[in-house]
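Sharing a structure here in structure tokens format.
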Amino acid sequence: MSSDPVKRCLAAIDERDAEAIESLRGVVRGEHLDAILDTWRASLPWDAKDLYAALLMDQKSERIELLMRDALSSPSVETRAYAVCYLLGSFSHFDSLLAGGGWVDPVKVDAAIARWRATTGTPDKPPTCENCGAPLDAGAAKCGFCGRVLRVQEGVQEGALPNNVRFVLQRHWQMRVGQGESDETTVITKETRIIPPGPVTMTLKAIEGEFGIDALLVRLLFTTTGAPELMTAKTSAVNPTNNLFSKTWNITKRGDFEIHVLDASAQHVLGVAKFRVVG
């Protein structure tokens, strides 16, 4: 038998040796975690993933937390119980998940999971990383488990105004552009993209919860001829716990315009609006 703790752990998982996993829990140290976790994928069969959860339940790391969030969906009630206790931060909760006979009660476990999801705002089926399958945090720029930089997925409807909805980092953003100085103004739609000079207000809304980012980069471009001319570009700090941002320009120049809104740190495009000023 190898004396290398990582090799012993991985061999026990490969052999589905639950007794060996139990004894190896006390052998695993912080320096072993990355090597073990690098072999985990959400696509593994549950009888293997259950053993990862059992092996690592005494360790602490953000990667293990993501593994445990995945483990909430295990067909094994024991694994689900370990996972929810881990996410609650203490295995002192475990006794409350037992039935009178001392066995793990699936009704109590699933109720505890539902309470944890409700308290944390975690959906039953969160978006997952296309590389490793780990659950993704809302608004994340990269996977917290494997480190893969996440692809921006866009789903912009033709015309796109007033419901310019983009699927960015698994989040939904709605961008509205209107005539006037507040978001209560007339919204520019596909049919009314030609407007007179004057105030134009852009409003960006995070449809699912909060911004989760610290700053937005907002650009106004003049695009009538040749390369777009950058008229204004400003990085605006936002409260990550808010979900609404507005900005107004007084446009006196005639021509075609675009408004771009980006996550200032990651440079991901959150919304684009196009319109023409005439008159």
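From the list ARG63, ARG16, exactly one residue is open to solvent by 50 Å² or more (accessible area, probe 1.4 Å) and basic (Lys, Arg). Which is it?
Numbers: ARG63 fails: open to solvent by 50 Å² or more (accessible area, probe 1.4 Å).
Only one candidate qualifies: ARG16.
Report the residue count in segment 39-60 for those that are open to solvent by 50 Å² or more (accessible area, probe 1.4 Å), farther than 19 Å from ASP137 by Cβ and among the basic types (Lys, Arg).
Selection size over segment 39-60: 0.
For segment 221-268, how many residues meet the condition of being β-branched (Val, Ile, Thr), part of a strand (DSSP E or B) and surrounded by fewer than 17 Cβ atoms within 10 Å (Cβ to Cβ)? Walk me through it before giving the result.
Narrowing segment 221-268 to residues β-branched (Val, Ile, Thr): 223-225, 232, 235, 238, 241, 248, 251-252, 259, 261.
Restricting the remaining residues to those that are part of a strand (DSSP E or B) gives 232, 235, 248, 251, 259, 261.
Next cut, surrounded by fewer than 17 Cβ atoms within 10 Å (Cβ to Cβ) only: 232, 235, 248.
Number satisfying all stated conditions: 3.
For segment 182-206, how many residues meet the condition of being modelled with pLDDT of 80 or more and either more than 29 Å from the chain's Cα centre (by Cα) or open to solvent by less than 70 Å² (accessible area, probe 1.4 Å) (or both)?
Final tally of qualifying residues: 12.
Specify which of the listed residues (VAL218, VAL168) is modelled with pLDDT under 75, buried (at least 18 other Cβ atoms within 10 Å of the Cβ) and either within 22 Å of the chain's Cα centre (by Cα) or hydrophobic (A, V, I, L, M, F, W, C) (or both).
Exactly one of VAL218, VAL168 is modelled with pLDDT under 75, buried (at least 18 other Cβ atoms within 10 Å of the Cβ) and either within 22 Å of the chain's Cα centre (by Cα) or hydrophobic (A, V, I, L, M, F, W, C) (or both), namely VAL168.
Run SER96 past the list (1) over 20 Å from CYS132 (Cβ atoms); (2) at pLDDT 95 or above and report the number of the one that doesn't hold.
(2)
Every residue, every condition in (1) at pLDDT 95 or above; (2) buried (at least 17 other Cβ atoms within 10 Å of the Cβ), yes or no:
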position	(1), (2)
ALA81	yes, yes
GLY100	no, no
GLU130	no, no
ALA134	no, yes
GLY139	no, yes
GLN157	no, no
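Given (1) of a type in the set (D, E, K, R); (2) under 24 Å from THR122 (Cβ atoms); (3) modelled with pLDDT of 85 or more, identify the lone condition not met by ARG254.
(2)
The values are calculated or read from the model by the stated rules, or taken from the named source; none is laboratory data. Predicted model only: the values in this text are computed from it and were never measured. Every residue, glycine among them, receives a Cβ derived from its backbone with ideal geometry; neighbour counts consider all protein chains shown. The protein model used for the area step is the full one, side chains on, heavy atoms only, and it has no ligands, DNA or RNA in it. Shrake-Rupley method; radii C 1.70, N 1.55, O 1.52, S 1.80 Å.
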